[in-house]
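A short write-up of the structure that comes next.
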Amino acid sequence: MVQQLGSVIPRLYQSHHSALNLKEIKEIVINYIFRYESLVNEKNQLIDMNSILIDRIERETVATKMQVVRICGRLLYQVRGLAFILRSNMVKWAHTKTRQYRKVRIYLHRIHRIAPIFDYTRALHNLKVLHTLFSRQCCWPTISTQLALLIFVTDRNDPHRIDSNTIIQKNLRILCNCSAYAFHRTRNRLRINKEGKFIPSRETE
């Protein structure tokens, strides 16, 4: 059963949605999708849009059906394109810490343009913190895993996020082309709990 949006669309947006520009409508629609709908099918593959899902998104957001179709179509196209780049040899492994940081930052910016579902400025700060933890643990996961964990931590710890519902993890992982195994293995190794908080002791969940 689909949850009601609650705080994802404030009453001001619902009563004055005609004042919203296309960028704001896109952000609302994409946030709703990543926090309330599954982008992954039973085979852990990116879904195709269908009329039932389109109608539900239209009903739960301020967007028209045509806007939903365009926003979702472009979103899925871009996610597939990004996944192809991340899993191919186009993303070369950076051996130095500085190059690692720059490469993750580049793809973080690209992901934010595709799906503005997290605070980009806060994520940049968290990237420095995570790289400190990686260095201490002598653990340098793939770019995809770093991106997924970074957005997870940023979203879970953002007091100003657009919605009380957090990003659905399987949606986040497919956005970053990160496996569940790699994500949870790295999270546990860094002692980050399910709420995105760092546990200073050796106790993990």
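Within the group Ala123, Ala83, which residue is under 14 Å from the mean Cα position of the chain (by Cα), free of Cβ contacts under 8 Å to residues at least 40 places away in the same chain and surrounded by 13 or more Cβ atoms within 10 Å (Cβ to Cβ)? Spell out the reasoning first.
On the way: Ala83 fails: free of Cβ contacts under 8 Å to residues at least 40 places away in the same chain.
Exactly one residue qualifies, and that residue is Ala123.
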**Request:** Scan the range 163-176 and give yes if some residue there is over 24 Å from Glu42 (Cβ atoms), surrounded by fewer than 16 Cβ atoms within 10 Å (Cβ to Cβ) and at pLDDT below 90, otherwise no.
**Result:** yes
**Request:** List every residue pair whose Cβ atoms sit under 8 Å apart, with the two residues 6 or more apart in sequence or on different chains, where the first one lies in the range 126-141 and is more than 19 Å from Ala182 (Cβ to Cβ) and the second, anywhere, is assigned to a helix (DSSP H, G or I).
**Result:** Lys128/Tyr101
**Message:** Please count how many residues of the range 126-148 are farther than 18 Å from Leu82 by Cα, of a type in the set (S, T, N, Q) and either under 20 Å from the mean Cα position of the chain (by Cα) or buried (at least 19 other Cβ atoms within 10 Å of the Cβ) (or both).
**Reply:** 1
**Request:** Please state which of the following conditions Val69 fails to meet, knowing it meets all the rest: (1) at pLDDT below 90; (2) surrounded by fewer than 19 Cβ atoms within 10 Å (Cβ to Cβ).
**Result:** (1)
**Request:** Would you check which residues across the range 1-53 are modelled with pLDDT under 80, under 17 Å from Phe118 (Cα atoms) and either part of a helix (DSSP H, G or I) or touching a His at 6+ places or on another chain (Cβ under 7 Å) (or both) and list them?
**Result:** Ser7, Val8
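The values are calculated or read from the model by the stated rules, or taken from the named source; none is laboratory data. Bear in mind that the values here come from a model prediction, so they are computed numbers and not experimental data. Here Cβ is always computed from backbone atoms with ideal geometry, including for glycine, and neighbour counts include all displayed protein chains.
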